[in-house]
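Below: one structure, written as structure tokens.
Rule-based calculations on the coordinates, nothing more; no lab input. Predicted, not measured: the structure shown is a model, and the values here were computed from it. All Cβ positions, even for glycine, are placed from backbone atoms using ideal geometry, and neighbour counts span all protein chains on display.
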Amino acid sequence: MNVHEYQAKELLAKFGVGIPAGIAALTVEEAVAAAKQLPGPLYVVKAQIHAGGRGKGKFKELPADAKGGVRLAKSIEEVEAFAKEMLGNTLVTVQTGEAGKQVNRLYITDGVDIAKEYYLSMVVDRASSRVAMIVSTEGGMDIEEVAHSTPEKIATITIDPAEGFMPHHGRAVGYALKLTGDLNKQAGKIAEQLYNAFVALDCDMLEINPLVETKDGNLLVLDTKMSFDSNSLYRHPDVMALRDETEEDPAEIEASKYDLAYIKLDGNIGCMVNGAGLAMATMDIIKLNGEFPANFLDVGGGATTEKVTAAFKIILKDPAVKGILVNIFGGIMKCDIIADGIVAAAKEVNLSVPLVVRLEGTNVQQGKDILANSGLPIVPANDLGDAARKIVAEVRKVA
């Protein structure tokens, strides 16, 4: 689960992290009122969407030379003008894709006199079962280019969660950022505060870009992105309350109600699979055969008729879907139960696109018999390769 920048900063402030003063706004009037509560005379008007690259983004409805989603305002009047341009319009960034995201809220912050920008982030390193703290002296909007062209400017410090954040980790951060004296100490302190927040809130990712050194010698978090392990949200009702469903794909929201893992993709073959690894293999083999998957959808090991029906409905809501491939390994759930669910679901949704089904595992023959005797135009497949070839052929017939 992701949250907006202003929400992430509110969470970090509880751990003592230094952030500039700022107020969220949903309307132009609220943006003006927010600016009037800040010291000024400089203000930053920031579009709040769940995507990075806002500063270099472009609004669909504005001229090509218009400023992006992060703007420096030199007066209350400019805050008002920028808010009018941003709210309700669609911001396109490198992370939103061409569709972009509509800006429904803004974050008005106090201007900061910046001397230097740095980068600091944390992710879970699953290979080592540690937290990886990634730091660079080259913070700002071009961090992706830094990673590509000058990776030597990026340092990674791993932290064993059993040991926790230690003083030497803080010194390593200060050294990597080439800071000395009081700034070095500040870097160690803020790195510890961020680590504590990362662990306590069960984050998947915490990115500070930029972490800035001000001209009066302080380190502040100027921008942040934060995402959370969805499996841990039951422990954090305060974080769960921050969820903004307007920033999420409606199909993904619907899938979450049935405990389905669904991600929309750009292809034309809908996939329904049980198990993330099997789902990845299914998508790969579709591409190997010349077409593209329309989604990732994992119904899990305990798929029920209700879940399968919901999965079919979600897949079919995508107008790009021209066919569906069901690839199920019956381990915990028996193949005959899955077959009953597929038949019931196909009848309920009045399936109108080709359907290829590959079953393997417990009671597989009973499952195949149920599909064969259903009276529905279900195409059986013997193995994954056979399934992929058949669904690709069916989709091309339709095309």
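Taking the range 42-74 as the search range and keeping residues that are in a loop (DSSP other than H, G, I, E, B) and buried (at least 19 other Cβ atoms within 10 Å of the Cβ), which one is farthest from the chain's Cα centre (by Cα)?
The qualifying residue farthest from the chain's Cα centre (by Cα) is Gly68.
Restricting to the range 311-351, count the residues that are among the hydrophobic types (A, V, I, L, M, F, W, C), surrounded by fewer than 22 Cβ atoms within 10 Å (Cβ to Cβ) and within 27 Å of the chain's Cα centre (by Cα).
3
Hey, any hits in the range 352-360 for a residue that's over 13 Å from Val273 (Cβ atoms), of a type outside the set (Gly, Ala, Ser) and assigned to a strand (DSSP E or B)?
yes
If you go through the range 140-160 one residue at a time, do you hit one that is in contact (Cβ under 8 Å) with a residue 60 or more places away in the chain and not in a helix (DSSP H, G or I)?
Scanning the range 140-160, I find at least one residue that is in contact (Cβ under 8 Å) with a residue 60 or more places away in the chain and not in a helix (DSSP H, G or I), so the answer is yes.
Tell me yes or no: at least one residue of the range 75-84 is in contact (Cβ under 8 Å) with a residue 12 or more places away in the chain, among the charged types (D, E, K, R) and in contact with a helix residue (DSSP H, G or I) (Cβ under 6 Å, 6 or more places away or on another chain).
So far as the range 75-84 goes, yes, one or more of its residues are in contact (Cβ under 8 Å) with a residue 12 or more places away in the chain, among the charged types (D, E, K, R) and in contact with a helix residue (DSSP H, G or I) (Cβ under 6 Å, 6 or more places away or on another chain).
Find the residue count for the range 263-297, including only residues that are farther than 21 Å from Lys397 by Cα and either assigned to a loop (DSSP other than H, G, I, E, B) or in contact with a Cys (Cβ under 9 Å, 6 or more places away or on another chain) (or both).
6
Each row is one residue, and each column tells you yes or no for (1) in contact with a helix residue (DSSP H, G or I) (Cβ under 7 Å, 6 or more places away or on another chain); (2) closer than 30 Å to Ala261 by Cα.
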| position | (1), (2) |
| --- | --- |
| Ile19 | yes, no |
| Ala34 | no, no |
| His50 | yes, yes |
| Leu87 | yes, no |
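Within the range 85-129, considering only strands (runs of 3 or more DSSP E) that don't extend past its boundaries, which have at least 2 residues that are under 13 Å from Arg54 (Cβ atoms) and out of contact with any Pro (no Cβ under 9 Å at 6 or more places or on another chain)?
Counting at least 2 such residues, we get 90-92, 106-110.
Can you find, within the range 240-257, the residue that is surrounded by the fewest Cβ atoms within 10 Å (Cβ to Cβ) among those that are within 13 Å of the chain's Cα centre (by Cα) and over 22 Å from Thr304 (Cβ atoms)?
If we take residues in the range 240-257 being within 13 Å of the chain's Cα centre (by Cα) and over 22 Å from Thr304 (Cβ atoms), then Glu245 is surrounded by the fewest Cβ atoms within 10 Å (Cβ to Cβ).
For the range 75-114, which positions are within 24 Å of Ala64 (Cβ to Cβ), in contact with a strand residue (DSSP E or B) (Cβ under 6 Å, 6 or more places away or on another chain) and either surrounded by fewer than 22 Cβ atoms within 10 Å (Cβ to Cβ) or of a type in the set (Phe, Trp, Tyr) (or both)?
Once the filter is applied, which keeps residues that are within 24 Å of Ala64 (Cβ to Cβ), in contact with a strand residue (DSSP E or B) (Cβ under 6 Å, 6 or more places away or on another chain) and either surrounded by fewer than 22 Cβ atoms within 10 Å (Cβ to Cβ) or of a type in the set (Phe, Trp, Tyr) (or both), the range 75-114 yields Phe82, Asn89, Thr90, Val92, Gly100, Gln102.
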